[in-house]
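Rule-based calculations on the coordinates, nothing more; no lab input. Keep in mind the model is a prediction, meaning the values are calculated, not measured. Here the Cβ is made from the backbone with ideal geometry for all residues, glycine too, and neighbour counts use every protein chain on show.
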Amino acid sequence: MNPYAKFLGELTASQVIAETAGRLHGLAREIGPAGWERRPAPDKWNAREVVCHLADTEIVFAMRLRQAQAEAHHVIQPFDQDAWARPYGVYEMGMAMEVFARVRDWNLQFLTSVPAAEWNRPVTHPERGTATFRAIVETMAGHDLNHIAQLEALL
C-alpha cells in the first residue's frame with residue numbers, strides 16, 4: 001500500500017514531479033524569509049525544515065530509482081526522517097532549495113531513460129510490501145504534494 005498515492009487524485013506523477021521545484025520556489029518567495037522559521041505547531045517542521053526534508057528525500061529517491069533499475073527485485077531501505085532532521089537547524093533554505101531542484105532535475109533526466117516495460121519492475125518495501133518502480137515515482141509525487149500542502153498552509 002502506497003500511503004502517498006492518495007495525494008495524486010487525478011494528477012499524473014510525472015506532471016507533479018516536473019512542477020514541484022518551481023512550486024517550491026514560488027512558495028518560498030510567498031512565505032518569505034521572515035516566515036521560513038514559523039512553525040504551524042510546536043512539534044511541526046517550519047518551511048525551511050520541510051524544504052530540507054524534501055532535499056534529503058530527493059537524494060533518497062535518486063538512490064531508490066537507480067537501485068530499482070539496476071537490481072532484480074530491489075528491497076528499498078527505509079530511513080528515519082526524524083533522525084535525518086536533527087541537523088536541519090544549520091541548513092540554509094537557499095541551499096536546500098538548490099539541492100532539491102538539482103537532484104530533481106537529475107532524477108527527471110534519469111526517468112526519461114527508463115523503458116516503459118521497466119516501470120512495472122517489482123520492488124519491495126519492508127514496511128509496505130511488494131510494489132513496482134512506478135510506485136516509487138508515484139510516492140515521489142504524492143510526497144511532494146503532501147509537503148506542498150504543508151507549505152501552502154503556512155501562507
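Computed values, structure above
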| quantity | calculated |
| --- | --- |
| Complete set of residues in segment 96-121 that are more than 27 Å from VAL51 (Cβ to Cβ) and assigned to a helix (DSSP H, G or I) | ALA116, ALA117, GLU118, TRP119, ASN120 |
| Conditions (1) under 28 Å from GLU30 (Cα atoms); (2) assigned to a loop (DSSP other than H, G, I, E, B); (3) acidic (Asp, Glu); number of the one not met by GLU127 | (1) |
| Boolean, HIS53 is under 30 Å from SER113 (Cβ atoms) and in contact with a strand residue (DSSP E or B) (Cβ under 9 Å, 6 or more places away or on another chain) | no |
| Top-ranked residue of segment 64-83 - restricted to ones that are acidic (Asp, Glu) and surrounded by fewer than 10 Cβ atoms within 10 Å (Cβ to Cβ), ranked as farthest from TRP45 (Cα to Cα) | ASP80 |
